[in-house]
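Step one of this worksheet: look at the structure below.
Readers should treat all values here as calculations from the given coordinates under stated rules, not as data from a laboratory. Computed from a prediction, not measured in an experiment: that's the story for all the values here. Cβ coordinates were reconstructed from backbone atoms using ideal geometry, including for glycine residues, and neighbour counts include every protein chain displayed.
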Amino acid sequence: MTELNEAIEIEPDAFEPPTLVEKSGTSKLPPPPPSTRQRGSVSDLRVAKNPRFARDLMTKNIFTIGPDDIIEHLEEHMEGFRFRHLPVVEGHKVVGLITRSDLLHASSTFLSDSARQRNQLIHQQPAKRIMQRELVTVRPTDTLLDVAFLMWETRVGCVLVTEDDDTLVGIITEGDFLRLAYHFLRGKDREASSSVRQSAHS
């Protein structure tokens, strides 16, 4: 995992890594490149050949935001990169999570008659001001069956994959399970097509 203070959840092999702009003090996410994600790209749907464990499905290419980093431009990057979950880390340890819903909730809690003033207030806040601190985590060796059950029971949109010492190593979202469903359904479809062809030739 790349050790950076900026974060975007990105599918493996689906993007060209952006050039990050380092600045003294607060750093910002770079503008999203236009070819970051191709809608409907098959590369977005690929999973390990025989996925069984969290490590087989998790997204490993994760950038992270620090708890004291200002969330300026975060909403537009969520829109541009098409991601909804942003881990917050101190060093390598995960300490929080920011979702698209958290940003929307933050917008509604600032009392201001002016949208411009409201947005300025929000964008000046550090990540720790709006991040979730109660996290749902799994280990890389947890089975996908257990991960799916946990996400269903807790009604969360993602789980963070961590080592025993809370080091962040990956993330699994609802979208990843859609990729998993596509993987197995496509395999079943191919098996059915193969059986039909064999029957036709027999």
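In table form, for the structure just shown:
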{"item": "Burial ordering of E72, E163, E134, fewest other beta-carbon atoms within 10 Å first", "result": "E134, E163, E72"}
{"item": "The stretch 145-160 - phi-based ³J(HN,Hα) in whole Hz, Karplus 6.51/-1.76/1.60, Gly and Pro as x", "result": "4, 5, 5, 4, 5, 4, 5, 5, 5, 8, 6, 9, x, 7, 10, 8"}
{"item": "Cβ-based exposure ranking for D165, D142, D176, in which fewest neighbours within 10 Å come first", "result": "D165, D142, D176"}
{"item": "Which of F63, F184 has the fewest Cβ neighbours within 10 Å, and the rest in rising order", "result": "F184, F63"}
